[in-house]
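For reference, the structure is listed below as structure tokens.
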Amino acid sequence: MRDGIHRYTSEMQTALILLRAEEIEGVAHVLQQAMSRQGLVYVFGNGGSAATASHLAADLSRNVPVRGDDRLRVLALSDNVPWLTAVSNDECFEDCFAAQLRHMLTPKDVVIGVSASGDSENMVRAFDVARRVGVERLAMIGFDGGRLARMATQRIWVDSYDYGIVESVHSFVGHMLVSLLARTDEELNEPKHDARDECERILSAGVSNSVDVPIIGATKGSDAGAVESDWSASSICKPADHDA
């Protein structure tokens, strides 16, 4: 059993250190801009990712300070059980999020899809609605990224095929986003990798210093109206194999 504990811990550490700071910073800046223009942020997911979406909505709304008239307003579509069940019963489950967005989404808003596989049909349909409206589409994904990775304008990819690790790292990233957005605008815009600093500080006690994690270039996709990017998990540079 102890070997299993060490193995899982090692896999979690690897997934955390492989996070790309520029992806987290890109998402943080989009949320900062949404706050400045009084846009709504809609977040959604299935299963464990629905719980992550609820947690993220609560933390971003409650814990990011109000600055004058600027405030971050976040709603979790997966919390709206009456609407979810009505659409699923009367139409189809695949439209449970898209139907809500068709009714409420405006051009100044943002959507966040949380999904381990990035391939759930109801998530893909919701992103398609968001694309048609022309809003920023943020994806928190794992595995090979799925269709959401290619439809997103910004993405945070967890390099793991383990559901538990992907979902845990998504929660970690949610807390990091709150930490970054709670800082002053000047601090957030400083030319340094705040997100990477936080990763390294938290991981410093347990990750081998021999791991060489490259800083990849800017996140692909800033055109909110684009249909799909050419993003793929295989295009991401990865460090050489190592013993954790």
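The numbers here are math on the coordinates, done by the rules we state, and not lab data. These figures come from a predicted structure and were not determined experimentally. All Cβ positions, glycine included, derive from the backbone under ideal geometry; neighbour counts span all protein chains shown.
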Worksheet entry | Rounded, prolate or oblate (a/c below 1.5 giving rounded, otherwise prolate when a/b exceeds b/c) for the range 9-211 by Cα gyration tensor | oblate
Worksheet, complete the sentence: By the mean-Cβ-within-10 Å protection proxy, highest first, 142-153, 84-95, 50-61 rank as 142-153, 50-61, 84-95
Worksheet, complete the sentence: Between E136 and residues 5 or more places away or on another chain, the pairs with built amide H atoms under 5 Å apart involve V111
